[in-house]
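Chemist: Quick one: the structure is below, and I'll ask about it shortly.
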Amino acid sequence: MGTVNYANGSVSVTLPALPDVSSSIIFQWGEASAFVNRSSATGWRLPEHAMRLPHQGIKPGSLVIKWTSGGVLRTATDNGHGALQGAATGEINYASAALLLRPQFMIDAGGQFAIEYDYAVIVSKNVVVTPDAGGFGAITLDTVPAPGTVAVAWVSVRNVSASSGASSSGTSAAKDGGNGKFSYLPQVPPAPAPVVTSRVPLSDGSTTGKYMAQGGTRASGGSVYIEVAATSSPTGNHYVPPDAAGVVWTDAEYAAGVKSIGGVEYRRWGA
C-alpha cells in the first residue's frame, strides 16, 4: 500500500515485510499519452481535406458537400467561381475535379462527406504553340469555355550553363503533364469563339492585378509590353488588351514609360 503523486512522480510505499538484502523493488508504469489536449485552445488551424472527385468537368455551381458535426447537418457549396462557401472554405478546380475542403465544423467520428455534383464531357485538344518574344502563345478554342474550367498543361525544355562553360539540358513539366494539351468544359448553350481574347483576373475576384500584353514595337527596335488592368462587365472581370498592331513607341515615350493607344493611356511593363 502507499501513495503516488502523479504531478511529480514521487511514490511512497509501505511493504508488508522487509525486502531481502541486495534485492530490488520493481516499479512499472505507463508513459503519458503522446498528445496534447487542446479542446479549449483557440487559434489552431482547421483540418483540411484534399481529394480528387471521380469525374472531371464539374459544372460550376453544382457542387454540394454535406456532413454531420455534433449531430447537426452541415452543408457547403461552390460559388460558381471555384471557391467553397457555407459551412466550409476551400477550392474546387472544375476542369481537373481537384477539391480542397476546409470544414468550419469538425466532422463527427466515423462520419463521411456526402458529395453531389453535375459534370459534363471535357473537351481536350493537343496543340503546337510557338511563344513570342514575351513568352505568350495564342491558342484557338473550338467553342467558348465555361468560366473557370480551362486547364492547360505543357512541357518546357531549358538549357543551363555551368560557370566552367560546359552546358547541359534538362526538362521541366507541369504537374498535370502533357505536351501542349489543354482541356475545358464547353459553355452551354454553345457560343462561337470570341474574336478578341480576354483573360479573367485572379481567382479571388481581385481586379488589381496587372496583365502583361503586347504594346507594339520600339522605334529603335524590339517589342514593347504594357500593363493592362482588369475591367468589369456584366459577365465578370476581364483583361482586354488593346490592338497594338502598328503601334510604335518613340525613344522618349519608351523612356517615360507611358503611351496612348487607341485613346487610352498605358504604362510600359516594368517602367
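The values are calculated or read from the model by the stated rules, or taken from the named source; none is laboratory data. No experiment lies behind these values; they were computed from the predicted model shown. Using ideal geometry, Cβ is built from the backbone for each residue, glycine included, and neighbour counts are taken over all protein chains shown. The area values use the complete protein model at the heavy-atom level, side chains included, leaving out ligands, DNA and RNA. Shrake-Rupley method; radii C 1.70, N 1.55, O 1.52, S 1.80 Å.
Chemist: Can you work out the Karplus-derived ³J(HN,Hα) for every residue in segment 128-136? Use 6.51 cos²θ - 1.76 cosθ + 1.60 with θ = phi - 60°, whole Hz, and x for glycine or proline.
Modeler: Running phi through 6.51 cos²θ - 1.76 cosθ + 1.60 with θ = phi - 60° gives 10, 10, 10, x, 7, 5, x, x, 9 Hz.
Chemist: Can you pull the accessible area of Asp20 for me, 1.4 Å probe, Å² to the nearest 10?
Modeler: We get 120 Å² for Asp20.
Chemist: Show which aspartates and glutamates lie in cross-link reach of Lys259 when reach means a straight Cα distance below 15 angstrom and same-chain residues fewer than eight apart are skipped.
Modeler: Straight-distance partners of Lys259: Glu227, Asp243, Asp251.
Chemist: Could you calculate the contour length gain from Ser220 to Val240, that is, 0.36 nm times the residue separation minus the distance between their Cα atoms, to one decimal place in nm?
Modeler: Extending this stretch completely gives an extra 4.5 nm.
Chemist: Any chance you could check the Cα centroid distance between segment 242-268 and segment 16-72 for me, in angstrom?
Modeler: Using only Cα atoms, the two centres lie 60 Å from each other.
Chemist: With every protein chain kept in the model, how would you rank Val144, Val152, Val121 by accessible area, 1.4 Å probe, largest at the top?
Modeler: Largest accessible area first, the residues go Val121, Val152, Val144.
Chemist: In Å², what does the accessible area per residue of segment 51-154 work out to with a 1.4 Å probe?
Modeler: Accessible area per residue: 55 Å².
Chemist: Quick one: ranking Leu99, Leu15, Leu141 by accessible area, 1.4 Å probe, largest first, what do you get?
Modeler: Leu15, Leu141, Leu99
Chemist: Which residue, chosen from Leu53, Ser40, Met1, occupies the Cα position most advanced towards the positive end of the dipole of segment 1-107, where the dipole is computed from +1 (Lys, Arg) and -1 (Asp, Glu) charges on Cβ about the Cα centre?
Modeler: Leu53
Chemist: Would you mind telling me the share, in percent, of accessible area of segment 1-142 contributed by carbon and sulfur at probe 1.4 angstrom?
Modeler: That fraction is 54 percent.
Chemist: What does the extension gain come out to for Asn79 and Gln28, with contour length at 0.36 nm per residue minus their alpha carbon separation?
Modeler: That works out to 12.6 nm of additional length.
Chemist: How far apart, in nm, are the 7 Å Cα→Cβ label points at Asn5 and Arg45?
Modeler: Reported label-point gap for Asn5 and Arg45 is 4.0 nm.
Chemist: Using 0.36 nm per residue of separation minus the Cα-Cα distance, give me the extension gain between Thr143 and Arg102 in nm, one decimal.
Modeler: Taking 0.36 nm per residue and subtracting the Cα distance, the gain is 11.3 nm.
Chemist: On the full set of protein chains, 1.4 Å probe, figure out the accessible area of Met212 and give it in Å² to the nearest 10.
Modeler: Looks like 50 Å² after rounding.
Chemist: Under a crude label model (7 Å from the Cα following the beta-carbon direction), how far is Val36 from Ala256 in nanometres?
Modeler: Going from the Val36 label point to the Ala256 one covers 6.1 nm.
Chemist: Can you tell me which aspartates and glutamates have their Cα less than 19 Å from the Cα of Lys125? Leave out same-chain residues fewer than eight positions away.
Modeler: List returned: Asp142, Asp176.
Chemist: Right, something else. Over segment 56-103, what is the relative contact order in whole percent, taking alpha-carbon pairs under 8 Å and six or more residues apart?
Modeler: Reported relative contact order: 32 percent.
Chemist: Could I have the simple spin-label model distance between Ala17 and Lys66, label points 7 Å from Cα toward Cβ, reported in nm to one decimal?
Modeler: 7.0 nm
Chemist: Using a 1.4 angstrom probe and counting only protein chains, how large is the accessible area of Glu48 in Å², to 10?
Modeler: 70 Å²
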